[in-house]
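What follows is a short report on a single structure.
The values are calculated or read from the model by the stated rules, or taken from the named source; none is laboratory data. This one's a predicted model, so the numbers in the text were calculated from it and none came from an experiment. Glycine gets a Cβ as well: all are built from the backbone with ideal geometry, and neighbour counts include every protein chain shown.
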Amino acid sequence: MALSHVYLGTGALEARPVLRKVSPRDAFAALAEGWDDFQAMPSHLAFLAIFYVGAGIAITAMSSFGGALQLVFPLAAGFALMGPFLAIGLYELSRRRELGENVRLVDSLVVANSPALPSLALLGLALLAIFTAWIAAAQAIYVSLYGPDAPVSGQAFLADVLSTQRGWRLIGLGCGVGFLFAVVVLSLTVVSFPLMLDRDVGLVPAIATSLRVTAHNPMAVATWGLIVAGLLILGALPLFIGLAIVMPVLGHATWRFYRRAVERDPVHEHPAVWPNVTNRPADYYSNPHSVLFPPRQERK
């Protein structure tokens, strides 16, 4: 695929997204709509529960046994930086539901056939680079205060962090630097992933639109960021199990926030469609595998 399409998409220069004025009330309304989507499509809990809860426990286990206890919290907190990319399938489910379709879990996989997939993947790689930079920054802060040696035990390290001045400095510096990383990711992605999935505008216009939304609606975007951060903290507290509910709700709500912040333009929408079919076949719900993986046709 041409690089021009990856960066500029289809018709992005001729159809610049039109923004709406949104308020903090819209952020809470989007959250409520995301909760409604989750309730209407509760079966989608399964695939996110496996990924998010499993990944959270794996992060803790790897850090504990790999001599990197000081990175458990940064890894768990930084994992959320990848959330906007990992929730792409949920955006598609909410998009189809708002059109009145009878949505099933398998519909989330149609994003693999999106014309914007290269642009989505490139922005996902950018988030991965930001995540890596955050972990490096967290490790540098730890070394500056505690030295190069990893903590001997989790209990002793936690006690030191909560009861000593250097521990308080670690918390303060870590939260301050982490906040800056979170602001960058929020500004870049508040509507960029849903916009690319919806219109195939390309990477550059999508990021530019997210920055415009942030600049034109700072209070609404800040409120949305606080909602996301607060719910992620609550979801991560009980061994990350709460993320199995928090992440699907936030994924759906992100699509709803995008709809409130950006005017819809059906003429320029280029959503993902199932391969080799104009409409779903009659046996779609009984045999979705045949749609995802249609039989290979013999050459004539």
Kindly indicate whether Val185 is buried (at least 18 other Cβ atoms within 10 Å of the Cβ), in contact (Cβ under 8 Å) with a residue 40 or more places away in the chain and either among the β-branched types (Val, Ile, Thr) or under 23 Å from Tyr142 (Cβ atoms) (or both).
yes
Does Ala129 satisfy being assigned to a helix (DSSP H, G or I), aliphatic (A, V, I, L, M), exposed (fewer than 13 other Cβ atoms within 10 Å of the Cβ) and modelled with pLDDT under 90?
no
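A quick yes/no check of all residues on (1) assigned to a helix (DSSP H, G or I); (2) farther than 18 Å from Leu186 by Cα; (3) modelled with pLDDT of 95 or more; (4) under 21 Å from the mean Cα position of the chain (by Cα):
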position: His5; (1), (2), (3), (4): yes, yes, no, no
position: Gly11; (1), (2), (3), (4): no, yes, no, no
position: Phe28; (1), (2), (3), (4): yes, no, yes, yes
position: Ala32; (1), (2), (3), (4): yes, yes, yes, yes
position: Asp37; (1), (2), (3), (4): yes, yes, no, yes
In this structure, is Val221 out of contact with any Phe, Trp or Tyr (no Cβ under 8 Å at 6 or more places or on another chain), modelled with pLDDT under 95 and assigned to a helix (DSSP H, G or I)?
no
Near pairs, Cβ below 7 angstrom, 6+ apart or cross-chain, from segment 151-180 (modelled with pLDDT under 90) to any residue that is in a helix (DSSP H, G or I) and among the aliphatic types (A, V, I, L, M):
Pro151/Leu69; Gly154/Leu69; Phe157/Leu69
Among (1) touching a residue at least 24 places away in the same chain (Cβ under 8 Å); (2) surrounded by fewer than 21 Cβ atoms within 10 Å (Cβ to Cβ); (3) over 19 Å from Pro115 (Cα atoms), which single condition is Val204 missing?
(3)
For the structure I just gave you, tell me whether Met247 is out of contact with any His (no Cβ under 8 Å at 6 or more places or on another chain) and under 24 Å from Met41 (Cβ atoms).
yes
Among the residues of segment 200-217, which ones are within 18 Å of the chain's Cα centre (by Cα) and under 21 Å from Glu98 (Cβ atoms)?
Asp200, Ala206, Thr209, Ser210, Val213
For segment 97-125, give me the residue count where each residue is in a helix (DSSP H, G or I) and more than 23 Å from Trp224 (Cβ to Cβ).
12
Inspect all residues belonging to segment 181-194 and state whether any of them is in contact with a strand residue (DSSP E or B) (Cβ under 9 Å, 6 or more places away or on another chain), assigned to a helix (DSSP H, G or I) and at pLDDT 95 or above.
yes
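Being over 17 Å from the mean Cα position of the chain (by Cα) and in a helix (DSSP H, G or I) is the requirement here; does Gly176 meet it? First the steps, then the outcome.
On the way: over 17 Å from the mean Cα position of the chain (by Cα): yes; in a helix (DSSP H, G or I): yes.
So Gly176 passes the test.
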Kindly indicate whether Arg199 is of a type in the set (D, E, K, R) and at pLDDT 95 or above.
no
Given the options Pro74, Pro84, name the one that is in a helix (DSSP H, G or I) and under 16 Å from the mean Cα position of the chain (by Cα).
Pro84
